[in-house]
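Engineer: The structure is given below, and queries will be raised subsequently.
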Amino acid sequence: DVQNVGVDGKHVCCVSCTCMAYTIYLCYTIGTLPQALGGMTALTELLLIGHKLNGTIPYSLGSLTALFSLQLHMNKLSGTIPPSLNNLTTIHSIVLSLNPLEGTMPNFSGLSSIRALYCGMSKLSGE
């Protein structure tokens, strides 16, 4: 089952729904990521790669506790990585590379399921 939804009212995304698993991908999107994404608690993958997304990573993404993969690389996202992402205990991959993110890298030691964490080509500091 596939449905279309808007992200920040700018463009239409393709949302794939299989039972209770949802994936957002192939969104030719510009603008900012809305805080409302945090309300999509059944979301398992958020794949917004190589678009023209700007602004900050919403703190509300930490509410997506079913998230398996968060891939926001190759955008223009700025600011810091919200510490709320440490709530994503089922996440296997976080890819935020190639964004002008700044500040200190959060401590993700509580993410026991993490297999890949990529934040290169940014202005982040820390380990």
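Engineer: Name every residue in the stretch 69-96 that is open to solvent by less than 20 Å² (accessible area, probe 1.4 Å) and assigned to a loop (DSSP other than H, G, I, E, B), in order of residue number.
Structural biologist: L72, N75, I81, P82, L88, I91, L96
Engineer: Moving to a separate point now. Take S60 and tell me if it is modelled with pLDDT of 85 or more, within 22 Å of S125 (Cβ to Cβ) and in a helix (DSSP H, G or I).
Structural biologist: no
Engineer: Hey, L61 hits all of (1) of a type outside the set (V, I, T); (2) over 10 Å from the mean Cα position of the chain (by Cα); (3) open to solvent by less than 20 Å² (accessible area, probe 1.4 Å) but one; which does it fall short on?
Structural biologist: (2)
Engineer: Collect the residues in the stretch 99-113 that are open to solvent by 40 Å² or more (accessible area, probe 1.4 Å) and either part of a strand (DSSP E or B) or at pLDDT 95 or above (or both), keeping them in residue-number order.
Structural biologist: P100, E102, T104
Engineer: Which residue is most open to solvent (accessible area, probe 1.4 Å), if the candidates are limited to the stretch 13-31 and must be closer than 17 Å to N75 by Cβ and either part of a loop (DSSP other than H, G, I, E, B) or at pLDDT 85 or above (or both)?
Structural biologist: Initially, the stretch 13-31 is screened for residues closer than 17 Å to N75 by Cβ, giving 13, 24-31.
Then keep just the ones that are either part of a loop (DSSP other than H, G, I, E, B) or at pLDDT 85 or above (or both); that gives 26-29.
Values: L26: 100, C27: 0, Y28: 158, T29: 4 Å².
That would be Y28.
The values are calculated or read from the model by the stated rules, or taken from the named source; none is laboratory data. Everything quoted here is computed from the prediction, not taken from an experiment. As a convention, Cβ positions derive from the backbone with ideal geometry for all residues, glycine included, and neighbour counts pool all protein chains shown. Accessible surface areas use protein heavy atoms only, side chains included; no ligands, DNA or RNA. Shrake-Rupley method; radii C 1.70, N 1.55, O 1.52, S 1.80 Å.
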